[in-house]
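Undergrad: Let me give you the structure first, and then I'll get to my questions.
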Amino acid sequence: MNVRDKRWGWLSAGLLIIIIGIVAAACGGSDSSSSSAADTAAADTAAADTAAAAGEKKIVMGFLSNCEGPFGPFWDATLAGYYTALVQFAGATPVDPADPKAGVTGAMVPGTDVAIELNTNYGCSDDKADKALSEAKRLVEQEGVNILIGPLSGDEGIAVANYAKTQPDVTFLNGISGAQDTTLKVQAPNFFRFFSDGAQWTAGLGAYAYNVLGWRNAVTIGDDYSFPYTQTAGFVSEFCSLGGKIDERIWPALGETDYSSYIAKLPDNVDGFFLDVGGTGTVQFVNQFTEVNGNDSLQGKVMGGAFISNPAIIKELGAKVEGVVAGSALPSDATDANWTAYSDAIKAAYPEMVGNAANIFLAGYYNNAQAAILGLQAVGGNIDDAAAFQAALAGVEIATGVGPVTVDANRNAVGPNYVVEVNAMGTKTLFTVEGVDQSFGGAFSADTPNPDRDNPECVAGNPPPWAASITK
């Protein structure tokens with residue numbers, strides 16, 4: 001079984017754990033190819049033919065995501081986002097529109113005769129920093145990748161961004177890794193993130209909790225690693241700036257399957273809690289919480305981060321999460337021209353994936369792959385001068401489902417965020433917060449403490465500029 005043969009569905013928690021175990025043995029890694037020898041030979045032949053048809057010049061682009069672990073179920077979505085951008089902007093053709101794992105052919109730098117050779121020996125990680133770093137090194141140092149799109153998870157992004165500093169002639173574009181430190185603190189000049197970070201995805205939630213729901217004290221619960229630290233930091237900073245209090249911060253390990261002891265720790269004498277348990281854990285936590293407290297127990301009591309507003313998770317949990325208010329970088333109920341163009345691009349490339357338009361895993365890889373292509377177009381496909389290519393990339397404006405997106409001086413996206421309410425159809429947008437940058441209204445900088453189990457501190461005063469507009 002190889003990576004292209006796997007089919008991830010959003011499965012029930014028990015079956016999903018079994019499937020993840022099987023795939024962990026089958027996915028590619030640094031010590032074995034993710035394709036069989038025959039598949040690899042065929043891919044190499046196709047790549048060589050493409051390069052020959054276009055002349056000698058070629059650019060090798062690599063892909064790094066999670067095909068194992070808690071985020072393994074989003075492997076197909078990340079591939080679909082990556083390849084949709086190549087279809088839309090680089091003229092590629094899907095090999096099988098029903099299966100992103102089959103890849104694409106014929107990718108070219110727009111307006112040139114330069115082929116984009118796609119390294120189909122995908123980087124397969126499992127949310128662990130050391131695995132992502134090993135795969136990034138393999139793709140760059142052994143596979144000859146010039147441009148790497150990925151990784152997916154928070155600690156992975158920090159590790160790859162630090163590695164990028166040692167490889168100045170290689171350009172790295174994030175997948176959907178959302179830890180704040182990846183760009184705000186590491187600041188690798190050749191690492192770009194054309195999608196906002198986890199704190200930005202919570203803009204408006206703290207004000208909604210305080211101004212609309214009337215919360216005055218809350219508890220947070222999230223996986224014990226850098227991405228939930230970042231998301232929780234956004235909520236805590238905004239909620240506390242208005243006068244709210246955080247009674248406790250609870251940190252189960254990523255990949256936990258039994259949340260009963262953590263659910264028991266949630267105090268009854270608070271107004272609510274911010275939930276940032278992710279991946280397969282979101283489903284397991286909600287199922288276990290509602291078993292104890294009832295199917296409607298989350299409404300009005302829980303605010304969520306990016307996971308609980310994900311369409312795959314909403315589909316799995318159904319009525320249990322209806323009415324939950326969450327932060328989202330994507331408005332699934334949008335109908336404007338930006339959203340239509342984006343969702344139409346997905347439908348044209350992979351019709352069965354169009355329901356994932358509001359899936360940040362797909363959108364993150366789409367944004368960053370698109371930026372890579374437009375950056376290549378800006379330099380006529382010439383990346384011999386890596387610094388010139390990276391300078392051009394820093395000035396790229398990409399088209400996304402939420403409108404044009406650019407990056408700041410740390411090469412991190414600036415864009416809108418949405419406060420949404422989960423319903424049977426997906427989400428309903430309650431408030432839009434425009435132009436959220438990584439400083440989060442001045443709360444975060446390269447000199448502020450890294451988000452962690454205890455930081456940021458809960459401090460009143462200096463609310464972000466959007467907080468006053470979020471009212472009943």
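The values are calculated or read from the model by the stated rules, or taken from the named source; none is laboratory data. Quantities reported herein were computed from a predicted structural model and do not represent experimental measurements. When we count neighbours, we look across all protein chains shown, and the Cβ atoms used for this are built from the backbone with ideal geometry, even at glycine.
Undergrad: Out of Tyr229, Tyr259, report the one residue that is aromatic (Phe, Trp, Tyr), farther than 30 Å from Glu141 by Cα and surrounded by fewer than 24 Cβ atoms within 10 Å (Cβ to Cβ).
TA: Just one listed residue meets the conditions, Tyr259.
Undergrad: Shifting gears a bit: Somewhere in region 306-314, is a residue within 16 Å of the chain's Cα centre (by Cα), without any contact (Cβ under 8 Å) to a residue 40 or more places away in the chain, in the same structural domain as Asn423 (by TED's automatic domain parsing) and within 22 Å of Ala207 (Cβ to Cβ)?
TA: Yes, that holds for at least one residue.
Undergrad: Here's something else I'd like to know. Tell me, which helices (runs of 4 or more DSSP H) wholly within region 124-185 include 3 or more residues that are under 26 Å from Asn382 (Cβ atoms)?
TA: 154-164
Undergrad: Give Thr282, Thr290 a once-over and let me know the one that is surrounded by fewer than 24 Cβ atoms within 10 Å (Cβ to Cβ) and either over 22 Å from Ala253 (Cβ atoms) or β-branched (Val, Ile, Thr) (or both).
TA: Thr290
Undergrad: Here's another thing I want to ask about it. Condition first: closer than 17 Å to Gln299 by Cβ, out of contact with any strand residue (DSSP E or B) (no Cβ under 6 Å at 6 or more places or on another chain) and part of a loop (DSSP other than H, G, I, E, B). Now tell me which residues in region 206-229 satisfy that.
TA: Selection gives Leu213, Gly214.
Undergrad: Could I ask something else about it? Would you please list the contacts, defined by Cβ atoms under 8 Å and residues six or more apart or on different chains, that run from a residue in region 243-254 that is farther than 13 Å from Pro456 by Cα to a residue that is surrounded by fewer than 18 Cβ atoms within 10 Å (Cβ to Cβ) and of a type in the set (Asp, Glu)?
TA: Trp251/Asp224; Pro252/Asp224; Ala253/Asp224; Leu254/Asp224
Undergrad: Output the residues belonging to region 101-123 that are in a loop (DSSP other than H, G, I, E, B) and either charged (D, E, K, R) or farther than 24 Å from Phe74 by Cβ (or both).
TA: Gly106, Val109, Pro110, Gly111, Thr112, Asp113, Val114
Undergrad: Considering each of Met353, Met303 in turn, give the residue that is touching a Pro at 6+ places or on another chain (Cβ under 8 Å) and either among the hydrophobic types (A, V, I, L, M, F, W, C) or surrounded by fewer than 24 Cβ atoms within 10 Å (Cβ to Cβ) (or both).
TA: Selected residue: Met353, the only one of Met353, Met303 that is touching a Pro at 6+ places or on another chain (Cβ under 8 Å) and either among the hydrophobic types (A, V, I, L, M, F, W, C) or surrounded by fewer than 24 Cβ atoms within 10 Å (Cβ to Cβ) (or both).
Undergrad: Sort through Asp126, Asp130 and tell me the only one that's buried (at least 24 other Cβ atoms within 10 Å of the Cβ), among the acidic types (Asp, Glu) and under 17 Å from Leu152 (Cα atoms).
TA: Just one listed residue meets the conditions, Asp126.
Undergrad: Can you go through Ala164, Ala159, Ala129, Ala136 and tell me which one is within 26 Å of Asp385 (Cβ to Cβ), among the aliphatic types (A, V, I, L, M) and without any contact (Cβ under 8 Å) to a residue 60 or more places away in the chain?
TA: Ala164
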